[in-house]
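The values are calculated or read from the model by the stated rules, or taken from the named source; none is laboratory data. Keep in mind the model is a prediction, meaning the values are calculated, not measured. FYI the Cβ positions are ideal-geometry reconstructions off the backbone, even for glycines, and counts take in every protein chain you see.
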Amino acid sequence: MASRLLLVAVVACSASERGPRPAERHVLVAPGLRLPDDAAPIAYDLHLDLDPEKPTFSGTVAIRAKITKPTDHVWLHADELVLGAATWTGAAGTGGTLALDPVEGDEMRAFRFGKRIEPGEVTLTIAFTGALDHDQEGLFRQRAHGGWYIFSQGESVFARRFTPCFDEPRFKTPWRVTLTVPSSDVALSNMPETATRDVDDQRKEVSFAATGPLPSYLVAIAVGPFELVEVGKLGKAKLPVRVAVQRGEGKRAGIVAAKLPAVIDALERYVGEPLPLAKLDVVAVPHLFGAMENPGLITFDEPMLLGEPRVKPFANNFVLVAAHELAHQWFGNSVTPAWWDDLWLSEGFASWLGAKVEVELGAVDDVELRVALTRREAIAADTGSSAAPLRRPMLHNADPDNSFDEIAYQKAHVVLSTFESYLGEEAFRDVLRAYLKAHAGAIATTADFVAVLRKATNDATATSFDQYVRSTGVPVVELRRQCDGDHKVIAHARDGRTVPVCIGYDGKRYEEACRLVGEHEEIPVFQATCPPTYGNGRAGYYHTMWISDAPHGSVRDLTLKPARLRVVAGDDVAARIDRGELPAADAIVELRSMLDSKDPYLVLGGVAIAHAIDRLVGEPDRAAWSAWLNKHVQGLNGENVKSELAEQLATARLELAPNSFGLGLVKDTMMAVERDLTSMDVSVMLVAVVATSGGDKLFARIADRAKEAQGDMREEFYEALGVFGPAQAPLAVALLGDASIEIDQAWTPVEHMLERPATRSATWRALKPVLPAVVKRLDSDVDELLAAVGSLCDKTERAEVAQTLQPLVADAGKPQLARALAAIDHCIASRSKLGDLAGALAH
Ligand SMILES: [Zn+2]
């Protein structure tokens, strides 16, 4: 949805009696979030003058553009740049100065041609300067290992901070980059270097080959005293690969040579073509949020890239990240989402394909667990006030960057897995190849992908997929098993959905039958006797609900099946509780059978049920519920299970039953925490074990140490304060009034306490009287407060939230407040459907 440019003539022609008649001029109206459609770039020639020792940079860009409608100006994105001399040239003989219009758009500026020009090609040449001070956004510099380095991060809307440009992903053009840098530095960009010449005895100019069609957000630069490690020529096209690391770190970059060849090979086999790159530099950034897929210049957070290849968690993580970033070379870089509302086309495919390669290369210790947990994370994000469809409207410049979340990554990933399970691996691969081929080097939308899917499969499949893209939340499939006559499962998808369902069933061996389920579908299960049957054999993106008695009979049956099913079974029961469709008595029976089982995957399934109940427990039932949990968490000790599973179980125990540990363990842990505090190092998990016994005194000590701590460690300290019990809620809230603590630090423990069911009411009571001051201090981060109060679950509190926050919140925050109130209403309704919890616990 492109905003239209409006030209409004406001200056009247009536002359003043006393002064000269003012020249007629148009006052421009800023176009809003999107650039108008009357101009588009054809190619860029970008020259940057960079010295990592200096905090500023300068540059000149020449943009060849096509003007499609008669106009006297052109809008470009530009943010935090000081714009200098600008000129234009057009058709033979035309040209002149480009004048910067005083009207400023949202991270946009308009340049005036000085006359009305006709459609055709123009070249806009603009000089500018900027600062390198926004860490990890635009051009930024970092110091490490005794040297200064400059890096770039264009995604999502930050290319406009290092050059004026048409900064929307739909504009893909060649970019020619030239960098003037100190002679002793290495300069890198997306493409191979073509020439270097000395500018003077201090500086050199490095030119790079023009890129293929590239959106502005993928233009990348790195400059500094790098050490370059040659990895060799990799992949089908013998791609030259290097690692660029900080000086002296080359010997720690062995993971690239050890693992990257296999990653490239696996991806090229899947996609059926060589990586679409001219060269690849893998670049270490001392501090980066993760990694970034810039074609030809992939940046990595240094700890992900430098390390010992024989250390398995490090090597496995590198494989995961590298596979994700290289999958982007097709999904996102070659085929680019036309606009940020379709970000899932980039991040969802890269997550899904990256994970597939990770599994193929044996970099996942426990594939069953990983599959189940990815589904669990996606569903958690898609439930409650964060729920969203894959395709989402973008309303503000902050929205693109905020949409890099579990919806774009995990939800899209699991939805893609669900259709792969239904269509089969090869058929699905062919759909993806056809999609990549149809849009290579260009842009695509959700509709383009659905069209390719429709052509390769059928209307029903494409429609089902399209529903997934546009819908919020997880579809629900009702199932009945029929055992007289032909054995079959009768399935019905709620809410007009069609859902790719894979039923698992088990006679002599475990098998699956997949069908697209709409209003009514009969799925035969071919076994001599009516077999135990499971509704979600492939951990698909849907919840099942057996209308007849659950046909898997007993938990023991379930232990025989793929482990993912045992986790999924718990997640689906949890969803029923959340929907208000399972009374407490039945919920407790399910929970107890899973927590008490000897199978850690079933216990992990039970954790989801426990959390679902926990969210509905009010203060009157809290003590009985905690006592019951403390009795039934023995399975949560994670002994003798693989590391990731053990960690999941331990975390669950700390969240659900922090007081279930024996006195001896608490005493030992307290000693460890004391040592941590002395050495200014803190483990949130250890603090959780001793928070209750430590009480106010321990809280105060950690709060004091937090003030002295720095960087990531300081964040750990504030997180540790968030695991205390309701008695410490007033102390946490008091931190918000301490002007010597930065507000985002002080907010961390309060947010955590407000979100935890056991502490939410106490935290709200302490917070309520100081809300005006807190809202003021949080300023633009007030959305975090509005999201957190959505965790409350009580009628009185709901009224208080509405009453106190309504007048404090600006219009922009009103939708978030409405979502929070809806979440509270949903919780209150589900609680009343759960019914008599105390009675159920007493049995
Ligand atoms: Zn990504």
For the range 275-363, which helices (runs of 4 or more DSSP H) that fit wholly inside it have 1 or more residues that are within 11 Å of the ligand (Cβ to nearest atom)?
312-327, 344-360
Take Pro400 and tell me if it is within 30 Å of Ile42 (Cβ to Cβ), of a type outside the set (S, T, N, Q) and within 16 Å of the ligand (Cβ to nearest atom).
yes
Which number in (1) farther than 30 Å from Met191 by Cβ; (2) assigned to a loop (DSSP other than H, G, I, E, B); (3) at pLDDT 95 or above marks the one condition that Glu53 misses?
(1)
From Ala812, Ala732, Ala762, Ala746, residue being surrounded by fewer than 20 Cβ atoms within 10 Å (Cβ to Cβ) and not β-branched (Val, Ile, Thr):
Ala812
Would you say Leu267 is in a strand (DSSP E or B) and crowded, with 23+ Cβ neighbours inside 10 Å?
no
Out of the range 364-380, which residues are away from the ligand (no atom under 16 Å from the Cβ) and out of contact with any Lys or Arg (no Cβ under 7 Å at 6 or more places or on another chain)?
Val367, Leu369, Arg370, Leu373, Arg375, Arg376, Ile379, Ala380
Just one listed residue, out of Ala720, Ala646, is modelled with pLDDT of 95 or more and not charged (D, E, K, R), and it is Ala720
How many residues, within the range 478-493, are more than 33 Å from the chain's Cα centre (by Cα) and surrounded by fewer than 22 Cβ atoms within 10 Å (Cβ to Cβ)?
9
Consider Tyr601 against the criteria (1) assigned to a loop (DSSP other than H, G, I, E, B); (2) crowded, with 21+ Cβ neighbours inside 10 Å; (3) of a type in the set (Ser, Thr, Tyr): it satisfies all of them except one. Which criterion is unmet?
(1)
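Yes/no per residue for (1) in contact (Cβ under 8 Å) with a residue 24 or more places away in the chain; (2) under 17 Å from Phe699 (Cα atoms):
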| position | (1), (2) |
| --- | --- |
| Ala727 | yes, yes |
| Pro757 | yes, no |
| Leu778 | yes, no |
| Leu786 | yes, no |
| Lys795 | yes, no |
| Ala799 | no, no |
| Leu805 | yes, no |
| Ala818 | no, no |
| Ala829 | yes, no |
Of all the residues that make up the range 113-138, how many are at pLDDT 95 or above, in a strand (DSSP E or B), under 40 Å from the mean Cα position of the chain (by Cα) and surrounded by fewer than 20 Cβ atoms within 10 Å (Cβ to Cβ)?
6
Working carefully through the options Val489, Val525, Val517, Val499, find the one that is closer than 27 Å to Arg579 by Cβ, touching a helix residue (DSSP H, G or I) at 6+ places or on another chain (Cβ under 8 Å) and outside the structural domain of Ala387 (by TED's automatic domain parsing).
Val499
Kindly indicate the residue of the range 182-236 that is polar (S, T, N, Q) and assigned to a strand (DSSP E or B) and also farthest from Phe166 (Cα to Cα) among those meeting that condition.
Thr196
The range 247-263, residues that are surrounded by fewer than 19 Cβ atoms within 10 Å (Cβ to Cβ) and in a helix (DSSP H, G or I):
Gly250, Lys251, Arg252, Gly254, Ala257, Ala258, Pro261, Ala262
What number of residues within the range 337-367 satisfy the criterion of being acidic (Asp, Glu) and crowded, with 19+ Cβ neighbours inside 10 Å?
4
Could you give every pair whose Cβ atoms fall below 6 Å, whose first residue belongs to the range 265-276 and is more than 11 Å from Gln329 (Cα to Cα), and whose second residue is in a helix (DSSP H, G or I), counting only separations of at least 6 or pairs across chains?
Ala266/Val357; Ala266/Glu360; Gly272/Arg433
Members of the range 670-690 that are assigned to a helix (DSSP H, G or I) and within 31 Å of the chain's Cα centre (by Cα)
Val684, Met685, Leu686, Val687, Ala688, Val689
Strands (runs of 3 or more DSSP E) fully within the range 69-112 counting 1 or more residues that are at positive phi
95-97
Exclusive hit being crowded, with 23+ Cβ neighbours inside 10 Å, closer than 23 Å to Val263 by Cβ and out of contact with any Phe, Trp or Tyr (no Cβ under 7 Å at 6 or more places or on another chain), set Ala220, Ala187
Ala220
On the given criteria, is Thr71 over 30 Å from Val186 (Cα atoms), over 37 Å from the mean Cα position of the chain (by Cα) and loosely packed, with under 14 Cβ neighbours inside 10 Å?
no
Report yes if some residue within the range 494-507 is surrounded by 15 or more Cβ atoms within 10 Å (Cβ to Cβ), more than 28 Å from Phe349 (Cα to Cα) and modelled with pLDDT of 95 or more; otherwise report no.
no
Checking the condition more than 25 Å from Glu193 (Cα to Cα), at pLDDT 95 or above and of a type outside the set (Val, Ile, Thr), which residue from Ala220, Ala315, Ala257, Ala244 passes?
Ala315
What are the residue pairs meeting all of these: first residue in the range 401-425, first residue of a type in the set (Lys, Arg), second residue more than 14 Å from the ligand (Cβ to nearest atom), Cβ atoms under 8 Å, and 6 or more apart or on different chains?
Lys411/Ala378; Lys411/Ala381; Lys411/Asp382; Lys411/Leu390; Lys411/Tyr541
Can you go through Ala706, Ala727, Ala720 and tell me which one is surrounded by 22 or more Cβ atoms within 10 Å (Cβ to Cβ) and under 24 Å from Leu656 (Cβ atoms)?
Ala720
